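Bear in mind these aren't lab numbers, they're just calculated from the coordinates by the rules spelled out. Since we're looking at a predicted model, the values are computed, not measured. FYI the Cβ positions are ideal-geometry reconstructions off the backbone, even for glycines, and counts take in every protein chain you see.
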Amino acid sequence: MIIDSHHHFWTYDPVTYDWIDDSMATLRRDFLPDDLRATLGEAGVGRAVSVQARQSLEETRWLCELAQASPDLIAGVVGWVDLSAADVGEQIAAVSSPSLVGLRHVLQGEPDERYMLRDDFQRGLRAVREAGLVYDILIYERHLPQTIELVDAHPEQAFVLDHIAKPRIGANELEPWRQNIRSLAERPNVVCKLSGLVTEAGFQAWTEDQLRPYLETVLETFGPARLMFGSDWPVCLVATEYSRWLEIVRRAIGDLSHSEQAAVLGQNAARVYRLA
């Protein structure tokens, strides 16, 4: 079974989702389980992991409710709690659900470039570990040095890197992203999602050849045992159709063995997120 390790749901309103600007107008509508079911069915994908799009406990509970109602479609939820809060443990307990497999904070949006290294955030990460949850890392490539510090401080925590750390693909810049991603990949408790590349390359101007050096780098550094397919649907729709992105990933891993391809396309997500 192919498992999409990264997608989002939302009921659209322009205030809550103010990051959806005019260039992303196609996203200005609701994206709900019936939409995802149709999309996955057309692409031959079995299930998907829902990832938070709002930093709210309310959304995390909602995503878990959707997952409980459609376990054949939604394999798990990566939600949000305020990891810097003094009551982080209580917040995790408040959103606890059989569907909750991980947590994420929008680190890329924090004005403090070293927010993840604050004492309160690190305390929150220890609570994530104690709860047996995965932590998804959402950053830009400029945050990779401090991310390496973060991972080194939590060697027992399972980390998943979203969108290969958002390199500057639109500018065709490989460095310093490539050097830093190689260093991060030396940490065995980090897994990387093959997701989000097309929106970093430019919504309409990207080419598959442009993406290739970035895909080849993470294939080389993380290897097939620590990579997982993700679509970033529906955000990906501003740059590509779902099925096209899946085919690009399939071609990128085409030289791997059948078992290695199966790992990237679903088995790694099932293992890392402990999906039922």
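Taking the Cα atoms of the stretch 145-276, the ratio Rg/Rh between the radius of gyration and the Kirkwood radius comes to 0.95.
Determine how many Å³ per residue the convex hull of the Cα atoms of the chain encloses.
119 Å³
DSSP bridge analysis restricted to the stretch 1-124 gives an antiparallel fraction near 10%, rounded to the nearest 5. In plain terms, the residue of Tyr242, Tyr17 with the fewest other Cβ atoms within 10 Å comes first and the most crowded comes last, giving Tyr17, Tyr242.
Over the chain, calculate the relative contact order: mean separation of alpha carbon pairs under 8 Å at least 6 apart, over the residue count, as a percent. Kindly include the intermediate steps, with their values, before the conclusion.
On the way: 498 pairs, mean separation 54.9, N = 276.
With pairs under 8 Å counted, the relative contact order is 20 percent.
Relative contact order of the stretch 61-218, taken over Cα pairs closer than 8 Å and 6 or more residues apart, is 17 percent.
Rounded to the nearest whole Hz, the Karplus-based 3J(HN,Hα) values (6.51 cos²θ - 1.76 cosθ + 1.60, θ = phi - 60°) of the stretch 101-116 follow the sequence 10, x, 9, 8, 10, 7, 4, 5, x, 7, x, 7, 5, 10, 3, 5, with x at glycine and proline.
Taking GluC sites (Glu not before Pro) in DSSP loop states with no more than 14 other Cβ atoms inside 10 Å as exposed sites, the chain has its longest site-free stretch at 1-112.
Restricting attention to the chain, close to 5% of DSSP beta bridges with both partner residues there are antiparallel.
Each of Leu184, Val128, Ala153 was placed along the dipole of the stretch 54-190 (beta-carbon charges, centred on the mean Cα), and the one lying farthest toward the positive end is Leu184. Distance from the Cα centroid of the stretch 151-222 to that of the stretch 44-103 is 24 Å (rounded to whole angstrom).
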